[in-house]
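Visitor: Please read through the structure below; I'll follow up with questions.
The values are calculated or read from the model by the stated rules, or taken from the named source; none is laboratory data. All values derive from a computational prediction rather than experimental measurement. Backbone-built Cβ (ideal geometry, glycine too); neighbour counts: all protein chains shown.
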Amino acid sequence: MGKIINLKNRASFFVKPVSPYDFDSTVFKPSHYPDHLKFYEPGRYWFVLRLGNRVYGIKLVSKGTIRSPKVQVIIFSRTKLSKKELKEVIDEVSYRFEFQKDISGFFKKFKNDKILSSFLKKWYGMHGSCAQDLYGLLMIGIFLQNTVIKRSIQMTDVMLKKYGIKVKFDGKELYYFWKPEEMMKVSEEELRALKVGYRAKLFRKVSETFVKERVDELKLRKLSVQKARKKLLKLYGVGPETARILLTEALHHYEIFDHVAPWQQKIYSRLLFKKTLISPEKIIKYVRKKWGEWANLAANYIFEDVFWQREKGNKIEWLEKEIRR
DNA sequence: CATCAGGGCCCTG
DNA sequence: CAGGGCCCTGAT
């Protein structure tokens, strides 16, 4: 069964992200399905950070504004942090939440864009972010494959409870994923008993690859999108959609927009064309032509907006039909 | 009760 | 490059 880890030691550090930076829309993505990996409330965000063999509880607190952003990073750990360790943690958190990424050019470029400008005003300073590491997000990607969201949630819960770590800090209890070296040793029958179906094979096989081929996230971060994409597609169980998720979220690539999954197709058709169904090719062509090197980020502003509306209680009938939780 | 698609991917021909 | 099959579940 999963380990329980209590983190009592506390260290605090202040970071000033590059302006503009909107804390809430950056850390919390309402289009994502709910899980026990993180906890969000306006101005605050809790999650577990695994770094090598170490585990930290991280609490982010917004202390600034969009134009003059400031984030308090509170690190909970088992033992007192060395200076080096503190720097490693802060650097990793900065990468995952894009504290140092300057996207001001995006706003300048599309300030007067007919479609985008209203969304840019509304969500000014929203960045991409990913609380998980590449392996963790890959697990989520596998949970999403060929099923309905309700089942993805169920599979995530049951797997985290059985193989994940439960981390207690700051009055919260959150989970994080197992290590690949642990998952590769679990039998397929044991996994199938948890009703993850044929995904059992994927978890085992891809975890083994992570260990044996030493898949290095830090190296992947430095590659061009297309090179990284090629490497990711070689992983068993990673196809165009899962690669897209990993490239845009874990590796923070804003330029690619080369794959639209069926459920996204329905949403983009409504939002961009006011039609029920436009072909993926047409959507891709349109988005790329309009927003070029910022295609993914631009589409994201439009996409997340409708989910924020939903989050705030403004239910949109056709969207509810697509989500089906 | 049976059938079927669902926030894909692999394998085969 | 197209199409079948895959775990499981709730919707129809």
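Visitor: Give A:Lys219, A:Lys185 a once-over and let me know the one that is away from DNA strand C (no atom under 11 Å from the Cβ), surrounded by fewer than 18 Cβ atoms within 10 Å (Cβ to Cβ) and assigned to a loop (DSSP other than H, G, I, E, B).
Guide: It is A:Lys185.
Visitor: Is it true that some residue in segment A:160-175 is outside any strand (DSSP E or B), modelled with pLDDT of 95 or more and surrounded by fewer than 15 Cβ atoms within 10 Å (Cβ to Cβ)?
Guide: Scanning segment A:160-175, I find at least one residue that is outside any strand (DSSP E or B), modelled with pLDDT of 95 or more and surrounded by fewer than 15 Cβ atoms within 10 Å (Cβ to Cβ), so the answer is yes.
Visitor: Also, I was wondering about something else. Which of the residues spanning segment A:163-195 are aliphatic (A, V, I, L, M) and under 29 Å from A:Tyr45 (Cβ atoms)?
Guide: If the condition is that a residue be aliphatic (A, V, I, L, M) and under 29 Å from A:Tyr45 (Cβ atoms), then A:Ile165, A:Val167, A:Leu174, A:Met183, A:Leu194 are the ones that fit.
Visitor: Same structure again: Quick check on segment A:26-40. Is at least one of its residues within 17 Å of A:Ser129 (Cβ to Cβ) and more than 15 Å from the chain's Cα centre (by Cα)?
Guide: Checked against the condition, which is being within 17 Å of A:Ser129 (Cβ to Cβ) and more than 15 Å from the chain's Cα centre (by Cα), segment A:26-40 yields no hits at all.
Visitor: Restricting to segment A:41-61, give me the number of residues that are buried (at least 17 other Cβ atoms within 10 Å of the Cβ) and either more than 27 Å from A:Lys121 (Cβ to Cβ) or aromatic (Phe, Trp, Tyr) (or both).
Guide: The number of residues fulfilling the criteria is 11.
Visitor: Here are some conditions: (1) within 15 Å of DNA strand C (Cβ to nearest atom); (2) among the hydrophobic types (A, V, I, L, M, F, W, C); (3) under 15 Å from A:Gly2 (Cα atoms). A:Leu160 meets all but one. Which one does it not meet?
Guide: Unmet for A:Leu160, out of (1) within 15 Å of DNA strand C (Cβ to nearest atom); (2) among the hydrophobic types (A, V, I, L, M, F, W, C); (3) under 15 Å from A:Gly2 (Cα atoms): (1).
Visitor: For segment A:198-208, enumerate the residues that are near DNA strand C (Cβ under 7 Å from one of its atoms) and touching a residue at least 12 places away in the same chain (Cβ under 8 Å).
Guide: Matches in segment A:198-208: A:Arg199, A:Lys201.
Visitor: Separate question: Can you give me the number of residues within segment A:169-220 that are closer than 12 Å to A:Met139 by Cβ, within 20 Å of the chain's Cα centre (by Cα) and away from DNA strand B (no atom under 16 Å from the Cβ)?
Guide: 6
Visitor: Shifting gears a bit: Of the residues A:Leu235, A:Leu246, which single one is under 19 Å from A:Leu220 (Cα atoms), in a helix (DSSP H, G or I), in contact (Cβ under 8 Å) with a residue 24 or more places away in the chain and out of contact with any Gly (no Cβ under 6 Å at 6 or more places or on another chain)?
Guide: The conditions single out A:Leu246.
Visitor: Something else now. Of all residues in segment A:249-264 being free of Cβ contacts under 8 Å to residues at least 40 places away in the same chain and outside any loop (DSSP other than H, G, I, E, B), which is farthest from DNA strand C (Cβ to nearest atom)?
Guide: Among those that are free of Cβ contacts under 8 Å to residues at least 40 places away in the same chain and outside any loop (DSSP other than H, G, I, E, B), it is A:Gln264.
Visitor: Another one. Is segment A:62-85 home to any residue that is surrounded by 13 or more Cβ atoms within 10 Å (Cβ to Cβ) and part of a helix (DSSP H, G or I)?
Guide: Looking through segment A:62-85, at least one residue is surrounded by 13 or more Cβ atoms within 10 Å (Cβ to Cβ) and part of a helix (DSSP H, G or I).
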